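The values are calculated or read from the model by the stated rules, or taken from the named source; none is laboratory data. Just so it is clear, the model here is predicted, and its values are computed rather than measured. Cβ atoms come from the backbone with ideal geometry, glycine included; neighbour counts cover every protein chain shown. Only protein heavy atoms, including side chains, enter the accessible area calculation; ligands, DNA and RNA are left aside. Shrake-Rupley method; radii C 1.70, N 1.55, O 1.52, S 1.80 Å.
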Amino acid sequence: MTMMKIKTILLLLILSLNMSAQEKQLFTLEELNYGGNRYHTIQPQNKWYAWWGDELIRTDVEECWLVDKRTGKETRLFTLDEVNKWLKSDDMYHVRALYYATFPYPDQPWVALGNKKSFLLLNFKTHEIVWQDSISGQKANDWNPVSKATAYIEDDQLFVVDGKGGKHQLTTDGSREIVYGQSVHRNEFGIDKGTFWSPDGMRLAFYRMDQSMVTDYPQVDIDPRSATHEPDKYPMAGMTSHQVTVGVYDLDTQKTTYLKAGDPTDRYFTNIAWSPDAKTIYMFELNRDQNDCRLVSYDAMTGEKKAELYRETSDKYVEPLHPIQFLPWDDDLFILQSQKDGYNHLYLYNKEGKLQRQLTKGNFVIQEVLGFNEKQKSVLVAANKYHPLHRWLYNVNIKDGKMTELVSADGVHHGKLSSSGTYLVDRWSNPTTPRNIDLVEVKTAKATRLMTAEDPWKDYEQPIFECGTIKAADGITDLYYRMVKPYNFDATKKYPTVVYVYGGPHAHNVEAAWHWYSRSWETYMAQKGYILFILDNRGSEYRGRDFEQATFRQLGQIEMQDQMKGVEYLRSLPYVDMDRLGVHGWSFGGFMTISLMTNYPDVFKVGVAGGPVIDWKWYEVMYGERYMDTPETNPEGYEKISLLSKAKNLKGKLQIITGYNDNTVVPQHCLSFLKACIEAGTQPDFFVYPGEAHNMRGHASVHLHERITQYFEDYLK
């Protein structure tokens, strides 16, 4: 073969490869952003499952299927058309989808469904309605499958409809100031609801929150012809907080008794749990300083205090996040979660409060309790025992604490347990696996594949996702980072780089999920020629108590030191253009963005801060005081981390964005910083989203991320 022919063949090969590369698509924000019109087209395939006792049901929009647990083969149970035919419902009251169908009775062929008219139980074998109510759509619905009673809110009052349809009004003084049956303490301490049924469904514990003494924050609705005042109750750090009490309604006596927990002033009541016999209520009680936590039991009939079963104190803070859980096979024993030894672990106590043993131990975090297996006398958990970035599922023997792995692959696993704990659905991914779903037999850990998702990005130019470690500013602690590079990355070139940061408690940015848990916006930016760098600093979650509490009384300081170690690492990379370094974050990340821009003004050229905390004295009581104490007890700390005094340091281009009606980080933060910048003569940019709260909803999120991107395009690139 002549040299000319070889050159021709090579040229054709190169042209062919180039043409092949050109056939790949580029992403749009309509695809990458959750509010986008085409977002669903690039999401990994998924399936939805519900347990019917130990039988597995796949639910979908129009069909429900029974899954053979040995083979994964599916047999259709019923369709949406059949359901609506059996219900004889007109178009207005049709069941719209079967996604959320549940099967609450292991021994009955009953499916629980809802439409605009009612919540009901349908026998899918006889095609008959077994039971129904008529309160569908009410606020805070809480249904108990044993008694079939439902608690709900109507016109600020708490009601219960019993299983026979009898309606009971529990309250008469409900209002925006007296709140019943809803989340309290601003959803801190693991609280996400306000009603708690006893196991037999005959008693209802509920929160009553008096917030009449709490200062209103003056939110405004601009939509009416003349804008109206719509205030929020917002207790700021160091100011008067609301008072919570716990009531118990008895369906038999139709009477309400309040727990005699004493003066509720400056106290937090959380993680309410019931004894198996429905006679005793347990809850964690926390002082306002959040450094003295007690587990207390109460007589559910009289409200009298029975005993203090457990106490945990700290020189920093104690944060109860989980109710106790009784063993299904032993009414005298319960599991309590605590990170008192440095990591969140399980402890076994008897109902007198005597420690039996610590069930799990080690330098890892129990991330979730999935449930119990009565036959094996075990508890099923998710934990990062294998590696801090991996979430595996384990079967923990109650007797000796032995942990048996239930996964067959690295990655991040989420389990859904059958009613007896014999089987679980394992939904997982890893950095190169979009999503797999397995059915796992707990006893043998044998897995049957139910679904393997193809890569929905296969036809697109994909960025390069990398993960690594650097040392924290203490020189000892490992920190994990993710780096996202353009699909056509060339190590001989220099790239503008954006540090994306959150950095706050109860969150993390890097894990061993698909694409190392990358946010879609990072892909959009990488596609436009940027490198993205994301580092989980000390203070973030799932690394243990001391890692989290390193930031106590000085939020943002340790975090910045660690982030600057990340910058130091970036400086060592020849392809990172340190003259074009940007930073972006939202909420706590917005606080971090402005902190970095003003504390290191010669390092960061451009920043975009969304919903930023500016001064922590304007943030809410529960969260703010946990990490900072009060402005009165820690004035030096509050002054040190306030960004108002840093406004004069701003050099680079900074855009601040907020929801006009943000009720989490109220607009006072942004507006006060702007005022400080005016006085200092510095020039940030500002953009608001009218009618939006802390995060932009729906398609507004697409607009938001286009705006963020364009700011970097205008000033960093």
Checklist entry - Taking the inverse of the average 1/r across all pairs of different Cα atoms in the range 601-717, what Kirkwood radius in Å do you get? => result 15.3 Å
Checklist entry - Using a basic spin-label model with each label point 7 Å from the Cα along Cα→Cβ, how many nm lie between Leu674 and Gln367? => result 4.0 nm
Next on the checklist: Tell me the volume per residue, in Å³, of the convex hull enclosing the alpha carbons of the range 164-306.
Outcome noted: 142 Å³
Next on the checklist: Which residue, His40, Phe119, Val67, has the largest displacement toward the positive end of the dipole of the range 29-184 when charges sit on each Cβ (Lys, Arg +1; Asp, Glu -1)?
Outcome noted: Val67
Checklist entry - How large is the convex hull of the Cα atoms of the range 373-477 per residue, expressed in Å³ as a whole number? => result 117 Å³
Checklist outcome for this item: Computed from the beta carbon distance with a Förster radius of 35 Å, FRET efficiency for Asn599 and His699 to the nearest 0.05 stands at 0.50
Next on the checklist: If I take every Cα pair under 8 Å that is 6 or more residues apart in the range 597-717, average their sequence separation and divide by the length, what percent do I get for the relative contact order?
Outcome noted: 31 percent
Next on the checklist: How far apart, in nanometres, would the label points at Arg357 and Ile476 be if each is projected 7 angstrom from Cα along the Cα-to-Cβ direction?
Outcome noted: 3.1 nm
Checklist entry - Given +1 on the Cβ of Lys and Arg, -1 on the Cβ of Asp and Glu, and no further charges, what dipole in debye does the chain carry about its Cα centre, rounded to the nearest 20? => result 1680 debye
Checklist entry - Just for the Cα atoms in the range 98-225, what are the lengths along the principal axes, largest first, rounded to whole Å? => result 56, 38, 29
Checklist entry - Which one of Val184, Phe552, Tyr480 has its Cα pushed farthest toward the positive end of the charge dipole of the chain, where Lys and Arg give +1 and Asp and Glu give -1 at the Cβ? => result Tyr480
Item to check | Relative contact order of the chain, defined on C-alpha pairs under 8 angstrom at six or more residues apart (%) | outcome: 9 percent
Item to check | Farthest toward positive dipole pole in the chain [+1 Lys/Arg, -1 Asp/Glu at C-beta], among Pro635, Thr270, Val381 | outcome: Val381
Checklist entry - Mind checking which aspartates and glutamates have their C-alpha under 19 Å from Lys416, skipping anything on the same chain fewer than 8 residues away? => result Asp54, Glu55, Asp60, Asp68, Glu74, Glu368, Glu374, Glu405, Asp426, Asp438, Glu441
Next on the checklist: Compute the orientation-averaged projected area for the range 349-406 from the convex hull of its Cα atoms and round it to one decimal in nm².
Outcome noted: 4.3 nm²
Checklist outcome for this item: Evaluated at 25 °C and 0.890 mPa s, the Stokes-Einstein D of the range 24-68 based on the Kirkwood radius over Cα pairs, in µm²/s, stands at 190 µm²/s
Item to check | Accessible area of the chain divided out per residue, in Å², using a probe of 1.4 angstrom | outcome: 44 Å²
Next on the checklist: In whole percent, and with a 1.4 Å probe on the protein chains, what portion of the accessible area of the range 96-153 is carbon and sulfur?
Outcome noted: 50 percent
Next on the checklist: With every atom except the alpha carbons ignored, what do you get for Rg and Dmax of the range 442-496, in angstroms?
Outcome noted: 18.8, 54
Checklist entry - Using alpha carbon centroids, what distance separates the range 444-510 and the range 37-114, in Å? => result 35 Å
Checklist entry - Taking the Cβ of Leu122 as the center, what net charge do the other residues with Cβ under 12 Å away carry, scoring Lys and Arg +1 and Asp and Glu -1? => result +1
Checklist entry - Compactness ratio of the range 529-623: Cα Rg over 2.2 N^0.38 Å, N = residue count? => result 1.13
Checklist outcome for this item: Once all protein chains are kept in place, Trp329 shows an accessible area at probe 1.4 Å, nearest 10 Å², of 60 Å²
Checklist entry - Based on the Cα atoms of the range 12-162, what semi-axes does the equivalent ellipsoid have, where each is the square root of 5 times one gyration tensor eigenvalue, given in whole Å with the largest first? => result 41, 22, 14
Next on the checklist: How large a share of the accessible area of the range 249-336, in percent, is made up of carbon and sulfur atoms when the probe is 1.4 Å and the other protein chains stay in place?
Outcome noted: 43 percent
Item to check | Added length on full extension, which subtracts the Cα-Cα distance from 0.36 nm per residue, Met239 to Glu454 | outcome: 72.1 nm
Checklist entry - Can you give the Rg to Rh ratio for the chain, taking only C-alpha atoms and Rh from Kirkwood? => result 0.98
Item to check | DSSP H segments from the chain that extend 20 Å or more along their own axis, Cα-based, with Kyte-Doolittle mean of 0.5 or above | outcome: 3-23
Item to check | In the range 601-705, the trypsin sites (Lys or Arg not before Pro) that fall in loop regions by DSSP, at most 16 other Cβ within 10 Å | outcome: Lys651, Arg697
Item to check | Net length gained if the chain between Asp685 and Lys164 were fully extended (0.36 nm per residue, minus Cα distance) | outcome: 181.6 nm
Checklist entry - Put a dot 7 Å past each Cα toward the Cβ at Asp315 and Glu82; how far apart are the dots in nm? => result 6.6 nm
Checklist entry - Nearest 20 debye, what's the magnitude of the dipole of the range 47-139 about its Cα centre given +1 on Lys and Arg Cβ and -1 on Asp and Glu Cβ? => result 160 debye
Item to check | Residues in the range 367-382 that a label on Thr444 would reach, taking backbone N under 20 Å of a point 7 Å out along Cα→Cβ | outcome: 373-378
Checklist entry - So how strong a dipole does the range 550-688 carry about its Cα centre when Lys and Arg Cβ are +1 and Asp and Glu Cβ are -1, to the nearest 20 debye? => result 340 debye
Checklist entry - For the cross-link pairs Lys605/Lys640; Lys493/Lys648; Lys73/Lys399, which exceed 29 Å when the distance is taken from alpha carbon to alpha carbon? => result Lys493/Lys648; Lys73/Lys399
Checklist entry - Taking square-rooted eigenvalues a ≥ b ≥ c of the alpha carbon gyration tensor, is the range 637-678 rounded, prolate or oblate, where a/c under 1.5 means rounded and, failing that, a/b exceeding b/c means prolate? => result oblate
